[in-house]
Amino acid sequence: MKPGTIVFRGQTKKEREIIIRYPLKSDVSALRNYINTLSREKTFIRFQGEQVSLADEKKYFVSYKLKIITLGVFANNPIALKMYQKRFDLKEYGRLPQGIKHRGKFVDHIFLYKRV
């Protein structure tokens with residue numbers, strides 16, 4: 001797909017627009033800032049606390065050829081799971097019982113995918 005091509009367009013329950021698209025080269029700094037901000041928060045992500053350099057993000061961006069979207073969701077985050085399945089039409093392809101440690105407890109790690 002070409003950079004900027006829209007993969008999904010929709011709305012949140014509060015009628016805010018959601019657009020998922022292939023990134024543009026001009027998005028590299030914004031993506032890096034978003035990743036690093038998210039990493040500093042206490043969230044449901046595996047790379048919590050890690051920071052990505054601009055060089056790392058540029059290297060990733062250059063090799064980027066999206067054919068399938070995969071992601072993992074913590075089972076104790078049902079709001080995210082429902083959103084990914086209902087709003088973005090991702091399908092569950094696996095579940096690892098007690099596969100990830102989150103805030104001191106092991107929870108199921110649910111794996112989702114969508115072909116684009």
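The values are calculated or read from the model by the stated rules, or taken from the named source; none is laboratory data. Since this is a predicted model, take the numbers as computed values, not measurements. In this analysis, Cβ positions are derived from the backbone assuming ideal geometry, glycine residues included, and neighbour counts consider all displayed protein chains.
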Q: Filter segment 69-103 down to residues that are free of Cβ contacts under 8 Å to residues at least 12 places away in the same chain and surrounded by 14 or more Cβ atoms within 10 Å (Cβ to Cβ) and give me whichever is nearest to ARG115 (Cα to Cα).
A: MET83
Q. Can you pull out the strands (runs of 3 or more DSSP E) entirely within segment 64-116 that have at least 3 residues that are farther than 24 Å from ILE6 by Cβ, in contact with a Leu (Cβ under 8 Å, 6 or more places away or on another chain) and modelled with pLDDT of 90 or more?
A. 105-115
